[in-house]
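K.L.:
This is the structure, below, for whatever I ask next.
The values are calculated or read from the model by the stated rules, or taken from the named source; none is laboratory data. Because the structure is predicted, anything quoted here is derived from the model rather than measured. For neighbour counting, all protein chains shown are included, and Cβ atoms are generated from backbone atoms with ideal geometry for every residue, glycine included.
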Amino acid sequence: MSDESNDLQRESILLRILWMVIFVIVWQLAELLLGVVVLVQLGYRLFYGAPNAGLLGFGDSLSQYLAQIGRFGTFNTDEKPWPFADWPTPQAPQGETPHSVPPAPHPVRDEEPKL
């Protein structure tokens, strides 16, 4: 019975190693993506004077995702990150107020066509 338990534990750790290798590759890609978001946000901030709200949210959730990968890889949690769990929800920004663009007014349409 002890041999069977050792076999299961060995299989479990081998599967975990496989997932860790996959998530290290995902980490590298997500890290590059975060670098792009940082540079685009910097350009946006320089051009408009305030950060982009969409990039704030995406950057925060991507940062949380990288933290989830790190926690899984360092054995702090057994929960695998996205796509096995929900994508992290962005938190409210604690820095500058984001740049907002008011919605464009819609033209008023006549009920009757003009001839």
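K.L.:
Suppose we keep only residues that are charged (D, E, K, R) and over 15 Å from Val24 (Cβ atoms) within region 57-81. Which one would you say is nearest to the chain's Cα centre (by Cα)?
P.N.:
Among residues in region 57-81 that are charged (D, E, K, R) and over 15 Å from Val24 (Cβ atoms), the one nearest to the chain's Cα centre (by Cα) is Asp60.
K.L.:
Can you pull out every residue in region 70-100 that is exposed (fewer than 14 other Cβ atoms within 10 Å of the Cβ) and either of a type in the set (Ser, Thr, Tyr) or in contact (Cβ under 8 Å) with a residue 24 or more places away in the chain (or both)?
P.N.:
Result: Thr74, Thr77, Trp87, Thr89, Gln91, Gly95, Glu96, Thr97, Ser100.
K.L.:
Related question: Any residue at all in region 62-69 that is of a type in the set (Gly, Ala, Ser), modelled with pLDDT of 90 or more and closer than 19 Å to Leu33 by Cβ?
P.N.:
yes
K.L.:
Look at Gly54 and say whether it is without any contact (Cβ under 8 Å) to a residue 24 or more places away in the chain, under 15 Å from the mean Cα position of the chain (by Cα) and assigned to a helix (DSSP H, G or I).
P.N.:
Spelling it out, Gly54 is indeed without any contact (Cβ under 8 Å) to a residue 24 or more places away in the chain, under 15 Å from the mean Cα position of the chain (by Cα) and assigned to a helix (DSSP H, G or I).
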